[in-house]
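For reference, the structure discussed in these notes is given below.
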Amino acid sequence: MANAVLTALHFHNEEAAFAHVETALWPNGPVCPKCGAADAHIGRLTGKTNRTGLRKCYACRNTFTVRVGTIFEDSHLPLHLWLQVIHLMCASKKGVSTRQVQRMLQCSMKTAWHLTQRIREAMADGALGPLGGEGMVLEADTTFVGGKEKNKHLGKRNPKNIGGAGKAIVHTLIERGGRARSHHIPNVTGATLRPILNAHASRASALMTDTHGGYHQVGQEFARHEMVDHGQDEYVRGDVYSNTVEGYFAILKRGIIGVYHHISEAHLHRYLAEFDFRYSNREACGINDLSRAGLALQGVKGKRLTSKKARSAERASAAAH
Ligand SMILES: [Zn+2]
């Protein structure tokens, strides 16, 4: 059972959980989120209140805990339970379902869903530089994800949706031996692919793609652009192949089918961030479950996802269908 690995004290004891998160987020001691005053001006509040981790800033008289300004703010869930869910999401290759989290925490499905969405936000690796570089190989490819038309409610079926139509298109850019970055895209045209490659792919890299027309023009800007013609039953030609990105898609699809079943298009980008995060910080890159959870913890700052924001995204998605 997965819970057996959760033996560390910070998974069970609230004081220890605060200490763990404070060490991660305040490596040089507590910082006031309101005025920025550091360690020397901050006191610990005990006695009158039982709130764990409560601090007081003597510079601006603000009281706060390490939860302020993170995905943990505005949540009534004890921090040690947050840490359990973060650990499980980081340790399981295919992800953790909302129902698993709901059972584990004995909370509502709504709470469990909101919790996992916030953790996915923490995993999203913001504006880090482009992938690849001189002497490096990037593979780019697209795949379809989403439920089959025949499994939808009768009223929601669209007879025109056959094959890939009606499913979401995912584009993934991957460094051989390195990181992955995925995007939910509306179509596979040059106009859609160019901004993604502009933002995320170093032109000094070699780019491996299929023969899709969307790559032709932008591909010429790379140090080298090679195409694998799957239509000609060609899969490997020397170092020209797309097996790495296809392996990534296999994990993504097993996860989406096996764990998440159906993902609303409005939230697909967060699931992609979760799969990218685990892939980019995988065992083969020397990162174990514990250090991966530590990295996710570094992402909790400034990533608050309010219920209101999530609901309006849901509505926008429903209106678009
Ligand atoms: Zn202050």
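Counting only protein heavy atoms, what percent of the accessible surface of segment 218-279 is carbon or sulfur at a 1.4 Å probe? Could you put the intermediate results ahead of the total?
Values: 1480 of 2900 Å².
Ligands and nucleic acids excluded, carbon and sulfur give 51 percent.
State the extension gain, in nm to one decimal, for the chain segment bounded by LEU9 and ARG237, taking 0.36 nm per residue of separation less the distance between their alpha-carbons.
On the way: separation 228, 0.36 × 228 = 82.08 nm, distance 5.16 nm.
So the extension gain works out to 76.9 nm.
Using 7 Å Cα-to-Cβ label points, what is the ASN187/GLU134 separation (nm, one decimal)?
So the label points at ASN187 and GLU134 sit 3.9 nm apart.
What's the local net charge at ASN28, with K and R +1, D and E -1, over the other residues with C-beta under 12 Å away?
Local net charge: -2.
Given a 1.4 Å probe, how much area per residue of segment 20-113 is accessible, in Å²?
52 Å²
The values are calculated or read from the model by the stated rules, or taken from the named source; none is laboratory data. This one's a predicted model, so the numbers in the text were calculated from it and none came from an experiment. Please note: Cβ atoms are built from the backbone with ideal geometry, for glycine as well, and neighbour counts cover all protein chains shown. Protein only, heavy atoms only, side chains kept; ligands, DNA and RNA dropped before computing areas. Shrake-Rupley method; radii C 1.70, N 1.55, O 1.52, S 1.80 Å.
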